[in-house]
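K.L.:
What follows is a structure written as structure tokens; I'll ask about it next.
FYI, it's all coordinate maths here, none of it is from the lab. These numbers were taken from a predicted model, which means no experiment stands behind them. Neighbour counts are summed over all protein chains in view; Cβ atoms, including those assigned to glycine, are modelled from backbone coordinates with ideal geometry.
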């Protein structure tokens, strides 16, 4: 039996088909590459933008911190303007009240007073003792950083020591200043403002104090007492009586420098403080600190 072999001719591939397929594949590959490139560029762009933003934020934050630090560094000077304001501090056409606190800082009273002042948006003046600043430097620093004025009240508050000679007043002033600078970490700070322990007028050391005022003046240091007080130093009044003492001594005065204390045993001063602030506001007083009186360089 003879088998017949049938031969078939191979089909010819259309040239245009090949070109079409190549074009389609090329378009697909090109699209994939372009998409990858676009994603890469977007990623890189985002990274660059984020880095720039982070750099900007870092710069802003750094600048803000530096500005805050700089704003705290105020160096008082006693020029003619400041001297006149201090000499006439009890005279004013407007009603103003200077809240002042002596003999601190203390860990159980000063922070409470600071909380009340902060809640009321009031800046006060603290006449600090150097030995207590050395003992409680963090509290002194908080007083400064919260914008209150730190004045000088000597180092020990021992009359026989600070009033031993006129020169010893300046010595204690300088000791206290060093303690304040160290506590608030501002080596250039100086208060230029002294309050005599027991006040300037009268007492067995009146002549020593009088001579000391001249020494302070020669060293560009001012001093200030008060014309209104709660008598919290006596330790014998209720908080209601302390407030009444303030009202009695403030009566008829436009400009009042109020003497109070933030030593550790003056918890009643803290307890009556909000009532005192409420009363003064009702009477139309605005609150000032010695930042409003002093001149600065």
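K.L.:
Report D for the range 108-230 in µm² per second (integer): Stokes-Einstein, Kirkwood Rh on Cα pairs, 4 °C, 1.567 mPa s.
P.N.:
The Stokes-Einstein estimate is 87 µm²/s.
K.L.:
Rounded, prolate or oblate for the range 168-247? Axes are the square roots of the Cα gyration tensor eigenvalues, ordered a ≥ b ≥ c, and the cut-off for rounded is a/c under 1.5.
P.N.:
Here the range 168-247 falls in the oblate category.
K.L.:
Then there is this: What is the log10 of I(q)/I(0) for the range 90-296, computed with the Debye formula using one identical point scatterer on each Cα and no solvent, at q = 0.09, 0.10, 0.13, 0.19 Å⁻¹?
P.N.:
Here the Debye-derived log intensity ratios amount to -0.32, -0.39, -0.68, -1.47.
K.L.:
Here's something else I'd like to know. For the residue pair residue 218 and residue 282, what label-to-label distance in nm results when each label sits 7 Å from Cα along the Cα-to-beta-carbon direction?
P.N.:
In this crude label model, residue 218 to residue 282 measures out at 5.1 nm.
K.L.:
Ranked by Cβ crowding within 10 angstrom, fewest neighbours first, how are 78, 162 ordered? Please report the intermediate quantities before stating the final value.
P.N.:
Working: 78 18, 162 25.
By the 10 Å Cβ count, ascending: 78, 162.
K.L.:
Relative contact order for the range 90-296: what percent, with Cα pairs under 8 Å and sequence separation of 6 or more?
P.N.:
32
K.L.:
Would you mind computing, in nm to one decimal, how far apart the modelled labels at residue 77 and residue 90 are, each placed 7 Å from Cα along Cα→Cβ?
P.N.:
3.0
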